[in-house]
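This report refers to the structure that appears directly beneath it.
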Amino acid sequence: MRFRTARQRGKGGSAAKKTAMDMQALGFDDWFRSRSEGILASGRSVARVMAVDRGSFLVRSEEGETGAELAGRFRFGVESAADLPCVGDWVGIEPASPTLAIIHEVLPRRTFLRRKAPGKTVDFQMIAANLDAALIVLSCHFDFNLRRLERFLVAAHEGQVEPIVILTKTDLVSPDELAERLGDIAASGIAARLVPLSNVTGSGWEDFRRLLQPGKTFCLLGSSGVGKTTLVNRLLGAEALDTRAVSASGEGVHTTTRRQLIALDNGALLIDTPGMRELGLLGAGDGVEDSFPDIQELAPRCRFPDCTHDREPGCAVRAALAAGELDEERFQSYRKLQKETEFHDLSYAEKRKKDRDFGRFIKTAKKNLKF
């Protein structure tokens, strides 16, 4: 599909002009400015990717918003899908018409969120880029799952993004059940900031709003039906995004189908993403370690510096497990996430080697081809 600009949506000239924004308001600070110098060719300008939907892009620059397509040389020159633009990226564009721009390059990313591509494909899939914080949305009703939360925390830490846990639907549980949920998170060793709230009663909303600072970019992450789109609509003060009635269980129905960046009235920038049924880990070894600070704190006390915390003598982690100072389920989750990313990393390295070998074969075949 091709995105429509404000002018194309029939909002008139004055409304279209309102789509133009100062680049600093969009998050283009000195860090990005210094790294864009020498990259942009003459005639190209900087824009931010506001939405991505099946290979089509919507970008916003000082001139306003416009649909965009990838330059052919750029599209076929990238080595991985992760090198293509994603929501939140800063890109170099060149106008092709009043309603279309051509994307020639992606500027360096400061932070990112990515996962293993769904299914059997061993490659990265970008979720969003250049974020100040990831708002991990977890329902305290049926969706409450600490192991899933740990996966989202790993993805955030790997991309150098601050994680903040938003515990929604507090109106669907009793005060005692809510206290139990909060206690479970605290006891698990998860150190991320936590904000419980309800879209129905408004409880916790002021704390949530204070998180969203002007000029900062936030991304909503979570499973389907946890209330991400409802959060966005409440922030916008209108049903700007499609939602559906909750199911009989009280859980929402997934509606968001594309990733998009929304400028809020207070100047904060918010990325809404589709609910994720699968969050495979690839290249997330450091993120796993950073997401389990309790285990990281114990590891240096092990007798051997390369301790795997399995059967080695003098293992401080095993000693903490035996003493009940470390939760067994949390440790098993740590081991599982470690093994998963190691397995996918090895598969990815093998895939890249095969791709490079095939590329060299094609080049050699072309050189030896006689007409």
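The values are calculated or read from the model by the stated rules, or taken from the named source; none is laboratory data. Because the structure is predicted, anything quoted here is derived from the model rather than measured. We place every Cβ from the backbone using ideal geometry, glycine too, and count neighbours over all the protein chains shown.
Of all residues in the stretch 167-182, those satisfying the criterion of being in a helix (DSSP H, G or I) and either of a type in the set (Val, Ile, Thr) or free of Cβ contacts under 8 Å to residues at least 24 places away in the same chain (or both) are Thr170, Pro175, Asp176, Ala179, Glu180, Leu182.
Scanning the stretch 266-290 for residues that are modelled with pLDDT under 85 and of a type in the set (Gly, Ala, Ser) turns up Gly275, Gly280, Gly283, Ala284, Gly285, Gly287. Taking the numbered list (1) exposed (fewer than 14 other Cβ atoms within 10 Å of the Cβ); (2) touching a strand residue (DSSP E or B) at 6+ places or on another chain (Cβ under 6 Å) in turn, Lys339 passes all entries but (2).
Residue count for the stretch 183-214 under the criterion of being assigned to a loop (DSSP other than H, G, I, E, B), surrounded by fewer than 16 Cβ atoms within 10 Å (Cβ to Cβ) and not β-branched (Val, Ile, Thr): the result is 5. When the residues of the stretch 32-90 are filtered to those that are in contact with a Ser or Thr (Cβ under 9 Å, 6 or more places away or on another chain) and charged (D, E, K, R), the one that is surrounded by the fewest Cβ atoms within 10 Å (Cβ to Cβ) is Glu62. Return a yes/no flag: does the stretch 344-367 have any residue that is hydrophobic (A, V, I, L, M, F, W, C) and modelled with pLDDT of 90 or more. Scanning the stretch 344-367, I find no residue that is hydrophobic (A, V, I, L, M, F, W, C) and modelled with pLDDT of 90 or more, so the answer is no.
Looking only at the stretch 40-68, residues that are of a type in the set (D, E, K, R), under 13 Å from Trp90 (Cβ atoms) and in contact (Cβ under 8 Å) with a residue 60 or more places away in the chain come to 2 in all. You will find that of Ala134, Ala156, Ala117, Ala96, the residue that is out of contact with any Lys or Arg (no Cβ under 9 Å at 6 or more places or on another chain) and not assigned by TED's automatic domain parsing to the domain that holds Ala179 is Ala96 and no other. Those strands (runs of 3 or more DSSP E) of the stretch 96-162 in which at least 2 residues are touching a Cys at 6+ places or on another chain (Cβ under 7 Å) and crowded, with 22+ Cβ neighbours inside 10 Å, considering only elements entirely within it, cover 124-129, 133-139. Arg2 meets each of the listed conditions (1) basic (Lys, Arg); (2) outside any loop (DSSP other than H, G, I, E, B); (3) modelled with pLDDT under 85 apart from (2).
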